[in-house]
Amino acid sequence: MDVLSVEKLVKQYPAFRLNEVSFSLPEGQITGFIGRNGAGKTTTLHSILGLLAPDSGEIRFWGKRLSDDGYKAKQRVGFVSSGMSYYSKSRLRTITGVTRAFFPAWDDALYRTYLNLFSLDESKTPEALSNGMKIKYMLALALSHNADLLILDEPTSGLDPVSREELLEIFLDLKERGKTILFSTHVTSDLDKTADHILYISGGSLLADRPAEAFLEDYRLIRFSPQDLDAEQHRRILGARRDKHGSTGLIRTEDAKCFAQQAEKPDLEQIMVHLEKGAEA
Amino acid sequence: MKALLKKELRLCLHPTAPMMILLSALTLIPNYPYGVAYFYLTLSVFFICLTGRENHDIVFSLTLPIGKRDVVRGRFALVMLLEVCQLVCMVGFILLHRALSPLPNAAGMDANLALIAEGFLYYSVFHLIFFPTYYKNVSKVGTAFVLSSAVIFLLVVADVVSTYAIPFFRDVLDTPDPDHMGAKLGFLAASFCVYLISAFVSLRLSQKRFQRLDIR
């Protein structure tokens, strides 16, 4: 059974439409949710959490709609967001005490283990924590009630490289322990290291829902000068960008034979940037 | 509900709320519109909602295994608890007032049982205006407070005027206890019923509006 399934999710704003987004999360995988700012990542995640009221569509956790089972499925869901700081002047001890009361499966020994692991001091307040420590605290809360699904909204945004690396290793450990992670980010290099599956959203529409390896295999990158390409080759370039050495273009892997240039395997950032450039052109 | 109330008390209760409750002591002031004491509690409800917004209380709440309806229910439970505390406190200060200065109040209702009944009416009006407005758009908590405060102000004025202009208020309710206790008890019972009905209607309306609201 899918941990989370989203079907034809629609949210209409005056200047933006989340357009029939559908996907599902298989158990025990890290799914990267990528897209540029304003593409619809947070709208999707907030609809999943019930912060937004979608115009249509269905969201099921372990096959059940949240409202149908009295929100019990949320006992197994943890939400971590880098942009959110709750009760900045309350002590972590107080926030934990309140959170614990909502979760019958709360494991205090596990919570203590995470406090030690993350070097968190319960007498501190969120405003006294760095961004990385705030994320770790939210993770500790989520993991201490034995969340099986972690929804992470830009969790590594604003972190230094060492803290990011540390968090990514934690995510990989969690995956090994069977946890399912939905990881929204525009720092795609984090997903190169961790993601099993990629959801790519652009302009409110889900453009890709693929295993990460397959998604990377779908595309190739070529370096070119515009005058070297004929019209047919230009047509096959999905998106191009310029840098100090010239231009690079993203093409489908099956089109690589149409180009004399050496085709390289792109990373997620290169795919996303080129596709967005192509969409803008 | 126990966990919800715990969250409200530990994380949302504004430090001014106990102070505002203690402002029931205003009933010790001679010739003062005592209905103002009820206004002060609504001010602390405003502070609770305002700091809740700054602390992302609603987003935090919705990450817990509860729905939007429960979030509203929790806030109502906290506010009604504060209101009951204020009324209990008010009873104490009314008794103290009687012991210290049994003179009648020239600026509205006497410090007596009818003042407690009026408290239920003030809260009823506050519930009906503040919460449905607030839960229509939780970002604009000021709008809900300005609206409810304007009406509470009119109520305070009506309270003062009624003790001069309406015979039932002037001759029966605005009298020292234990005069006309039967009528005052009837007024108290009727006010309490209005309070319960208004809380129910306001809760349902607020939940309905909040359900449709996008939290950003």
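The values are calculated or read from the model by the stated rules, or taken from the named source; none is laboratory data. Small disclaimer: the values here were computed from a predicted structure and weren't measured. Note: ideal-geometry Cβ built from the backbone for every residue, glycine included; neighbour counts use all protein chains shown. For accessibility, only protein heavy atoms count, side chains too; no ligands or nucleic acids. Shrake-Rupley method; radii C 1.70, N 1.55, O 1.52, S 1.80 Å.
Could you check residue B:75 against (1) more than 14 Å from every other protein chain (Cβ to nearest Cβ); (2) among the basic types (Lys, Arg); (3) surrounded by fewer than 16 Cβ atoms within 10 Å (Cβ to Cβ) and say which number it fails?
Every condition holds for residue B:75 apart from (3).
Limited to the range A:37-76, what total is found for residues that are in a helix (DSSP H, G or I) and within 23 Å of residue B:210 (Cβ to Cβ)?
To start, the set of residues in the range A:37-76 that are in a helix (DSSP H, G or I) comprises A:41-49, A:66-69, A:72-76.
Still in the running and within 23 Å of residue B:210 (Cβ to Cβ): A:42-49, A:66-69, A:72-75.
Summing the residues that are in a helix (DSSP H, G or I) and within 23 Å of residue B:210 (Cβ to Cβ) in the range A:37-76 gives 16.
Filter the range B:189-216 for residues that are assigned to a helix (DSSP H, G or I), open to solvent by 40 Å² or more (accessible area, probe 1.4 Å) and farther than 15 Å from residue B:132 by Cα and give the result. Full working, then the answer.
Step one: filter the range B:189-216 for residues assigned to a helix (DSSP H, G or I), giving B:189-212.
Now restrict to residues that are open to solvent by 40 Å² or more (accessible area, probe 1.4 Å): B:189-190, B:192-194, B:196-197, B:200-201, B:204-205, B:208-209, B:211-212.
Result: B:189, B:190, B:192, B:193, B:194, B:196.
From the list A:171, A:215, A:183, which residue is closer than 17 Å to residue A:132 by Cβ and part of a helix (DSSP H, G or I)? Even if it seems obvious, please write down each step before you answer.
Numbers: A:215 fails: closer than 17 Å to residue A:132 by Cβ; A:183 fails: part of a helix (DSSP H, G or I).
Just one listed residue meets the conditions, A:171.
Can you find a residue that is open to solvent by less than 30 Å² (accessible area, probe 1.4 Å) and either in contact with a Gly (Cβ under 8 Å, 6 or more places away or on another chain) or not assigned by TED's automatic domain parsing to the domain that holds residue A:179 (or both) anywhere in the range A:52-69?
The answer is yes; a qualifying residue exists.
Which count do you get for residues in the range A:238-281 that are open to solvent by 20 Å² or more (accessible area, probe 1.4 Å), without any contact (Cβ under 8 Å) to a residue 60 or more places away in the chain and either touching a Cys at 6+ places or on another chain (Cβ under 6 Å) or not in a strand (DSSP E or B) (or both)?
Total meeting the criteria: 19.
Condition check: among the aromatic types (Phe, Trp, Tyr) and more than 15 Å from residue B:63 (Cα to Cα). Does residue A:111 satisfy that?
Here the answer is yes, as residue A:111 does meet what is asked.
Taking the stated definitions as given, is residue B:51 buried (at least 22 other Cβ atoms within 10 Å of the Cβ) and part of a helix (DSSP H, G or I)? Break it down stepwise before answering.
Working: buried (at least 22 other Cβ atoms within 10 Å of the Cβ): no; part of a helix (DSSP H, G or I): yes.
Judged against the criteria, residue B:51 is not a match.
On the basis of being over 24 Å from residue A:191 (Cα atoms), touching a strand residue (DSSP E or B) at 6+ places or on another chain (Cβ under 7 Å) and at pLDDT below 90, does residue A:73 make the cut?
Details: over 24 Å from residue A:191 (Cα atoms): yes; touching a strand residue (DSSP E or B) at 6+ places or on another chain (Cβ under 7 Å): yes; at pLDDT below 90: yes.
The answer is yes for residue A:73.
If you scan the range A:77-95, which residues turn out to be part of a helix (DSSP H, G or I), buried (at least 19 other Cβ atoms within 10 Å of the Cβ) and more than 8 Å from chain B (Cβ to nearest Cβ)?
Step one: filter the range A:77-95 for residues part of a helix (DSSP H, G or I), giving A:92-95.
In the following step, the residues that additionally are buried (at least 19 other Cβ atoms within 10 Å of the Cβ) were identified as A:92, A:95.
Listed by number, the list holds a single entry, A:92.
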